[in-house]
Structures are given as C-alpha cells and as structure tokens.
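Report on the following structure.
The values are calculated or read from the model by the stated rules, or taken from the named source; none is laboratory data. Treat the numbers as computed from the prediction; the structure is a model and nothing was measured. Neighbour counts are summed over all protein chains in view; Cβ atoms, including those assigned to glycine, are modelled from backbone coordinates with ideal geometry.
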Ligand SMILES: Nc1ncnc2c1ncn2[C@@H]1O[C@H](COP(=O)(O)OP(=O)(O)OP(=O)(O)O)[C@@H](O)[C@H]1O
Ligand SMILES: [Mg+2]
C-alpha cells in the first residue's frame, strides 16, 4: 500500500477566505481513488495545488517520495503527475492530432531543441510523438476525428481529448476533474471503461466526480472533502453510510 501521492496539512486562502483548511490525504499506487464532496468543498482547488497551478500557503505535496510542493508544473508533469481540467481548455483552432503533438512536445526533457533545429534526432522524435498521438487516438476511439479542430467536437469527445492530452505526458498519476460532467450516458460509460483500462495498465487515478453511481462503480477508496479538508475516507459503501458525509452534503452549498 505505497502512497504515490501524499498531501499533508495543505492550506490555501483566497482574499482572506480559507478554501483549503489543512488537507491530509494519500493516493495509493495502483488505485482509482474517488474524491467527492459538496460544491465549494475545495476539490478543484486541491487539484490546482497538487498540479502546481496554484501554490499552497503552507503544507506539503509529496509525489513518489519527492517533495514537489513548490515544483514547477512542467517538472511535476515530467515526474508523471498530470491533471485534466473541469472544463476542457486548450487551443481551439488546433486539430486533435496537433493538440496531442503539442502536449507531447511540451513533455520536458524530450528533445524539444532537437525538433526545433530540424536535426535527424528531431525528426525521429517527431515521428515517435506522432505514433504515440495516433496510438492514444486509437485507444480513445478518436481516430475518425483526429484531423478535426477540437472546437468541432462534441462535449464528450472534448473530454476524451483532455484525457488523451494527459496521456501524451505518460502519467503515473492522473488527476481527473469531472471528466464525465455534461457527457451523455453512452460516452460516460465509455470514459469509465477507458479509466478502468488505463488503471489496469498501471496508471493510478484520482477522480473528482459528482455522479455517485460512477464513483461507486469505479473508485476504491473514496475520499470525502468538506469545508476545505478531508472529512473521511473508506469504501464507497462506508462513506455513503457515514452520517457526517450525509450532513456535509445537506449542509453544503448545493
Ligand atoms: N482563484 C480563486 N479565487 C478566489 N476564490 C477561489 C478561487 N478558486 C477557488 N475559489 C473558491 O474556493 C472555493 C472552493 O472552490 P473549488 O472550485 O475548489 O470547489 P469544488 O469542490 O471543486 O466545487 P465544485 O464541486 O462545485 O466543482 C469556492 O468558494 C471558490 O469560489
Ligand atoms: Mg470543482
């Protein structure tokens, strides 16, 4: 039960408002860990601090035994710590293929200079990235839209592109912020299958999701956040039976 990610006493305020009030949690290697809690509990802010988008005011984030609390985002990505966003972000005019290539290219330490200088090594690097991009598109069943601009895709396909972008970075841990929100039931089930299959291939997953049926079918353990900290953790059955969890949802900002 090795923790791949260890968060200790993480705190962050915005304009004097305490949003993370001392988060302690572990994500164990090989799990699909669920992260739930009422709106405004601080789940996305926690992901922002773990991924390096925001700096915490205090506390620590350890990834694979290394302290990454103050590390640059790209260094975290290089270490295999990758996140997706609640709303798909990126460069709308680019095609799916270009999108994947861009994020593969951004993967630090992988011969960007060589590609820019047009050397033989650079060309090989491009080819290798292109192969990876095609393989990821195949895996996510995006091959038929690979040359379409991301803007032309359905909401669900955009979510898949967001996952594909993360995969280009060869993650060990993916933090997924509501990857199924607003997606139709068929594609939701498809995304769930992709997550299971990635996990079976050794990718650890931490999933924020409001759909309790999905959390119940995918995640073990489930961590519950409320008011900026971890309230409890356990199997799905354990946390839904917990009176404190029910109270947090009733008293939350829903
Ligand atoms: N950059 C920011 N500036 C100011 N306040 C922020 C910022 N980011 C988050 N907050 C505030 O922090 C609180 C927690 O927000 P957060 O988005 O982390 O919640 P969440 O648990 O992800 O909620 P949801 O389930 O609705 O996505 C909210 O009150 C939000 O307004
Ligand atoms: Mg959120």
Evaluate the following for residue 74: is it assigned to a helix (DSSP H, G or I) and away from ligand 1 (no atom under 16 Å from the Cβ)?
yes
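Considering only residues that are in contact with a strand residue (DSSP E or B) (Cβ under 8 Å, 6 or more places away or on another chain) and more than 16 Å from residue 7 (Cα to Cα), which ones fall in region 58-79? Working first, answer last.
Kept after step one, since they are in contact with a strand residue (DSSP E or B) (Cβ under 8 Å, 6 or more places away or on another chain), are these residues of region 58-79: 58-64, 67-69, 76, 79.
If the condition is that a residue be in contact with a strand residue (DSSP E or B) (Cβ under 8 Å, 6 or more places away or on another chain) and more than 16 Å from residue 7 (Cα to Cα), then 79 is the only one that fits.
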Kindly list, by first and then second residue, each pair from a residue in region 193-221 that is closer than 18 Å to residue 82 by Cβ to a residue that is within 16 Å of ligand 2 (Cβ to nearest atom) and in a loop (DSSP other than H, G, I, E, B), limited to pairs with Cβ atoms under 8 Å and residues at least 6 apart or on different chains.
195/179; 207/179; 208/86; 208/178; 209/178; 209/179; 209/180; 209/181
What residue, of 20, 81, 5, is under 16 Å from residue 206 (Cβ atoms) and within 16 Å of ligand 2 (Cβ to nearest atom)?
20
Take residue 176 and tell me if it is buried (at least 20 other Cβ atoms within 10 Å of the Cβ) and assigned by TED's automatic domain parsing to the domain that holds residue 214.
yes
If you go through region 235-243 one residue at a time, do you hit one that is modelled with pLDDT under 95, buried (at least 22 other Cβ atoms within 10 Å of the Cβ) and more than 22 Å from residue 80 (Cβ to Cβ)?
no
For region 179-212, how many residues are away from ligand 1 (no atom under 16 Å from the Cβ) and surrounded by 15 or more Cβ atoms within 10 Å (Cβ to Cβ)?
12
